[in-house]
1. On the basis of being out of contact with any helix residue (DSSP H, G or I) (no Cβ under 7 Å at 6 or more places or on another chain) and either surrounded by 19 or more Cβ atoms within 10 Å (Cβ to Cβ) or touching a residue at least 24 places away in the same chain (Cβ under 8 Å) (or both), does residue 28 make the cut?
2. Check off (1) in contact (Cβ under 8 Å) with a residue 60 or more places away in the chain; (2) part of a helix (DSSP H, G or I); (3) crowded, with 16+ Cβ neighbours inside 10 Å for residue 201 and give me the number that stays unchecked.
3. Select from segment 1-10 the residues that are out of contact with any helix residue (DSSP H, G or I) (no Cβ under 6 Å at 6 or more places or on another chain) and part of a strand (DSSP E or B) and write down the one among them that is nearest to residue 47 (Cα to Cα).
4. Go through segment 226-242 and give me each residue that's in contact with a helix residue (DSSP H, G or I) (Cβ under 8 Å, 6 or more places away or on another chain) and either outside any helix (DSSP H, G or I) or modelled with pLDDT under 95 (or both).
5. Could you tell me which numbered condition residue 226 fails, if it satisfies all but one of (1) closer than 29 Å to residue 116 by Cα; (2) crowded, with 16+ Cβ neighbours inside 10 Å?
6. With 129, 138, 79 as the choices, which residue is modelled with pLDDT of 95 or more and either buried (at least 20 other Cβ atoms within 10 Å of the Cβ) or over 15 Å from the mean Cα position of the chain (by Cα) (or both)?
7. Given the conditions (1) closer than 26 Å to residue 107 by Cα; (2) out of contact with any strand residue (DSSP E or B) (no Cβ under 9 Å at 6 or more places or on another chain); (3) assigned to a helix (DSSP H, G or I), and given that residue 161 satisfies all but one, which numbered condition is not satisfied?
8. Criterion first (in contact with a strand residue (DSSP E or B) (Cβ under 7 Å, 6 or more places away or on another chain), under 22 Å from residue 177 (Cα atoms) and either outside any strand (DSSP E or B) or modelled with pLDDT under 95 (or both)) does residue 24 satisfy it?
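The values are calculated or read from the model by the stated rules, or taken from the named source; none is laboratory data. Predicted model only: the values in this text are computed from it and were never measured. Glycine also receives a Cβ, built like all others from the backbone with ideal geometry; neighbour counts cover every protein chain displayed.
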């Protein structure tokens, strides 16, 4: 039986958030999605969100009945006060503190705070995010301890239990591909390849075996490497599987 609670999925339109959306639809009685427009350089992901939602509903009728409303919040102020490679046209590189300049300070903390606010109003008590501490760039707001602390703070501040679920926290990117294969088979992974967006540069040109993207930025490199590893691990995989 499904969990009777309502979940809000932080849904960007990328591979990880689509995996989280499928994971939530497989578990919760009702699932709503929440996106953020914060002036991101790869804003094209906002267009992909609706395409992915429609494709999921059409191809997985048993999930369609659970898929509820979508919400998009204007967080343009975050982009205005950020000086990062995700919010301005600049080269992607490491900073003196060891973090890549794609790190947007406070982004996930704000996302979850606003998600909890929407959840409170919508009668939801579960927040689902694609944060990961395995294949990540060292972002401090993706760490498990950070999110556990925020779960406590949100529950106390709202005076109601608020659960933060991070199903990808300890998965490599190859294992994320395996998870979506388990949840929705070849159809779900084909949907992810065709319709989701990960590329930091917003490139939607060539379709690679792992999806659209420039193929060079850190997000594309991680996604491509994970896809190749997953393909190589599948039974009967040949030299051209990736």
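1. Numbers: out of contact with any helix residue (DSSP H, G or I) (no Cβ under 7 Å at 6 or more places or on another chain): yes; either surrounded by 19 or more Cβ atoms within 10 Å (Cβ to Cβ) or touching a residue at least 24 places away in the same chain (Cβ under 8 Å) (or both): yes.
It is true that residue 28 is out of contact with any helix residue (DSSP H, G or I) (no Cβ under 7 Å at 6 or more places or on another chain) and either surrounded by 19 or more Cβ atoms within 10 Å (Cβ to Cβ) or touching a residue at least 24 places away in the same chain (Cβ under 8 Å) (or both).
2. It fails just one condition, (2).
3. Taking segment 1-10 as the starting set, the residues that turn out to be out of contact with any helix residue (DSSP H, G or I) (no Cβ under 6 Å at 6 or more places or on another chain) are 1-6.
This time we only want the ones that are part of a strand (DSSP E or B), so: 3-6.
On the way: 3: 30, 4: 30, 5: 28, 6: 25 Å.
Checked segment 1-10; the qualifying residue nearest to residue 47 (Cα to Cα) is 6.
4. Selection gives 233, 237, 241, 242.
5. (1)
6. From the options 129, 138, 79, the qualifying one is 129.
7. The number of the failed condition is (3).
8. Values: in contact with a strand residue (DSSP E or B) (Cβ under 7 Å, 6 or more places away or on another chain): yes; under 22 Å from residue 177 (Cα atoms): yes; either outside any strand (DSSP E or B) or modelled with pLDDT under 95 (or both): yes.
Yes, satisfied.
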